[in-house]
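This report concerns only the one structure given below.
The values are calculated or read from the model by the stated rules, or taken from the named source; none is laboratory data. Note that the structure is a prediction, hence the values are computed from the model and not measured. Quick reminder, even Gly has a Cβ in these numbers, built from the backbone with ideal geometry, and neighbours come from all protein chains shown. Note: areas computed on protein heavy atoms with side chains; ligands, DNA, RNA excluded. Shrake-Rupley method; radii C 1.70, N 1.55, O 1.52, S 1.80 Å.
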Amino acid sequence: MAAFDIEAHVERLTRDGYTVIEDFADAAQLAQARADLAPHLGGHHGRNDFEGLATERVYTLVARGKVFEDLTAEPRLLALLDRFLQPGYLLTASQAICIQPGEKAQALHYDDGFYRQPRPRPAISLSVIVAVDAFTETNGATDILTGSHVLGDAEIRALDPAETHARLRPATMPAGAAIVFQGTLLHRGGANRSDAPRLAFTNQYCEPWARTQENFYLGVPRERVKAMSPRLQDLLGYNIWPPFMGQVTGSHPLKSLEDAWVAPVDRA
């Protein structure tokens, strides 16, 4: 594995809004990811144009295989997130995305747009997309608008559609690479004009005070959370953001994972 130059990645994320970790996942991890995803893929397409009517999505991915647990808390990625998000940040979304041939390009958007604080502003979340299949110009590579993470609301509304389309660039990268980008960066899932599906998975991480997209307390079974690493438990919200955000009836949420734990409201 090549040395990780975190300062170079921080510089690119700050300047361009994104960076690429070329060797994020190795061949064994990619093979395991494919194997763990295989039972969940096979015809369950998106429900609207944004999800993709020819795109398969597998939600709550962090709980669908040890390889996804490991890559969700990958040390280089977390070291990078540490530079942009406050301590105690959370996993907000975790899913696999398989874009089938014939899928059209997604609408241009930014991932933390549902947080309604006006732009320009710092990103409230950061995203990572890991290429299980290589991302090419024709198979649905994510299209990005470099530098758009610093735009204000008025500047975004004033964008000329034709000029914006001309400035979009596909994030081509080999299998195993990961693009990390700010939640304010304009991007879209690309059209798949090839004859093969394009498989990837993505995680998003948000500030510790922000509401998460996925409700992992309900989505990830308690017994599975108990077997996860302490760092991953933190990312799922089983911790306190000072002074007391995340408490469970006045107690630390990790107590809810103890074998004999009973919710206080259910105690006699």
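Give me the net charge of CYS206's neighbourhood, meaning all other residues with Cβ under 10 Å from the Cβ of CYS206; Lys, Arg count +1, Asp, Glu -1. Spell out each step's value before the answer.
On the way: positive: ARG211; negative: ASP111, ASP112, GLU207.
Summing Lys/Arg as +1 and Asp/Glu as -1 gives -2.
Find the relative contact order for the chain and round it to a whole percent, using C-alpha pairs within less than 8 Å whose residues are 6+ positions apart. Don't skip to the answer; put the middle values down first.
Details: 507 pairs, mean separation 69.1, N = 268.
With pairs under 8 Å counted, the relative contact order is 26 percent.
How big is the gap, in Å, between the Cα center of region 163-217 and the Cα center of region 34-52?
Taking the Cα centre of region 34-52 as reference, the centre of region 163-217 is 16 Å away.
Straight-line reach from LYS226: which lysines have Cα under 22 Å away, leaving out those fewer than 8 places along the same chain?
The qualifying lysines are LYS66, LYS255.
What's the angle, to the nearest 10 degrees (0 to 90), between helix 6-16's Cα axis and the longest principal axis of the chain?
60 degrees
Which listed residue (VAL62, ILE124, ALA28) has the Cα farthest towards the positive end of the charge dipole for region 23-128, taking +1 on Lys and Arg C-beta and -1 on Asp and Glu C-beta about the Cα centre?
About the Cα centre, the residue reaching furthest to the positive side is ILE124.
Probe 1.4 Å, all protein chains in place: accessible area of SER229 in Å², nearest 10?
50 Å²
Give the shape of region 140-184 as rounded, prolate or oblate, defined through the alpha-carbon gyration tensor: a ≥ b ≥ c are the square roots of its eigenvalues, a/c under 1.5 means rounded, and otherwise the shape is prolate if a/b is larger than b/c and oblate if not.
Working: a/c = 4.03, a/b = 1.72, b/c = 2.34.
Oblate.
When the dipole is taken about the Cα centre of the chain, and only Lys, Arg (+1) and Asp, Glu (-1) are charged at their Cβ, what size is it in debye, to the nearest 20? Walk me through the numbers before you get to the answer.
On the way: 26 positive and 33 negative charges, 111 e Å.
So the dipole magnitude of the chain works out to roughly 540 debye.
For every other residue with a beta carbon closer than 15 angstrom to the beta carbon of PHE68, add +1 if it is Lys or Arg and -1 if Asp or Glu, then tell me the sum. Present the calculation step by step, with values, prior to reporting the outcome.
Working: positive: ARG34, ARG57, ARG64, LYS66, ARG224, ARG231; negative: ASP26, ASP36, GLU69, ASP70, GLU74, GLU214.
Every neighbour counted, the sum reads 0.
Using only Cα atoms, find the angle between the long axis of helix 27-37 and the longest principal axis of the chain, and express it within 0 to 90 degrees, rounded to the nearest 10.
Here the helix axis deviates by roughly 70 degrees.
Roughly how many whole Å is it from the C-alpha centroid of region 60-135 to that of region 218-244?
Computed from Cα coordinates, the inter-centre distance equals 18 Å.
Compute the convex hull volume of the Cα atoms of region 132-261, divide it by the residue count, and report the result per residue in Å³ as a whole number. Spell out each step's value before the answer.
Numbers: hull volume 20.3 nm³, N = 130.
Measuring per residue, one finds 156 Å³ for the Cα hull of region 132-261.
Scan region 181-268 for trypsin sites (Lys or Arg not before Pro) in coil per DSSP, keeping those whose Cβ has at most 13 other Cβ atoms within 10 Å, and list them by number. Can you show the working numbers first?
Values: sites: ARG188, ARG193, ARG198, ARG211, ARG222, ARG224, LYS226, ARG231, LYS255, ARG267; in loops: ARG193, ARG211, ARG267.
Those that pass, being in a loop and sparsely packed, are ARG211, ARG267.
For region 62-109, what is the Kirkwood estimate of the hydrodynamic radius, computed as the reciprocal of the mean inverse distance between distinct Cα atoms, to one decimal in Å?
Details: mean 1/r = 0.0744 Å⁻¹.
Final number for the Kirkwood radius of region 62-109 is 13.4 Å.
Using the Cα gyration tensor of region 1-91, with a ≥ b ≥ c the square roots of its eigenvalues, what is the shape: rounded (a/c below 1.5), prolate (a/b larger than b/c) or oblate (neither)?
Note, shape of region 1-91 comes out prolate.
Using alpha-carbon pairs under 8 Å, 6+ residues apart, how would you state the relative contact order of region 35-118 in percent? It would help to have the intermediate numbers written out before the result.
Numbers: 71 pairs, mean separation 29.8, N = 84.
Relative contact order, region 35-118: 35 percent.
Explain nothing, just the number: dipole magnitude of region 1-138 about its Cα centre with +1 on each Lys and Arg Cβ and -1 on each Asp and Glu Cβ, in debye rounded to the nearest 20. Don't skip to the end; give the middle numbers.
Numbers: 13 positive and 20 negative charges, 110 e Å.
The dipole of region 1-138 has a size of about 520 debye.
How much mean residue ellipticity at 222 nm does the chain get from its helices, if each DSSP H run of length 4 or more adds -39500 (n - 2.57) and you divide by all residues, to the nearest 500 deg cm²/dmol? Mind showing how you got there, number by number?
Details: 9 runs with 63 residues, N = 268.
Estimated from H runs of four or more residues: -6000 deg cm²/dmol.
With only alpha-carbon atoms in the gyration tensor, what are the semi-axes of the equivalent ellipsoid for the chain, in Å, largest first? Don't jump to the answer; show the numbers that get you there.
Values: eigenvalues 193, 101, 66 Å².
Gyration-tensor ellipsoid for the chain: 31, 22, 18 Å.
Specify whether the C-alpha gyration tensor of region 1-155 places it in the rounded, prolate or oblate class, a ≥ b ≥ c being the square roots of the eigenvalues: rounded for a/c under 1.5, otherwise prolate if a/b is larger than b/c and oblate if not.
oblate
Loop only by DSSP, 15 or fewer other Cβ within 10 Å of the Cβ. Give me the trypsin sites (Lys or Arg not before Pro) in region 6-81 that pass, ordered by residue number. Write down the numbers at each step before the final one.
Numbers: sites: ARG12, ARG15, ARG34, ARG47, ARG57, ARG64, LYS66, ARG76; in loops: ARG47, ARG64.
Those that pass, being in a loop and sparsely packed, are ARG47.
What is the sum of charges around THR92, taking Lys and Arg as +1, Asp and Glu as -1, for the other residues whose C-beta is under 10 Å from the C-beta of THR92? Could you put the intermediate results ahead of the total?
Numbers: positive: ARG211; negative: ASP111, ASP112, GLU207, GLU214.
Computed value for this residue: -3.
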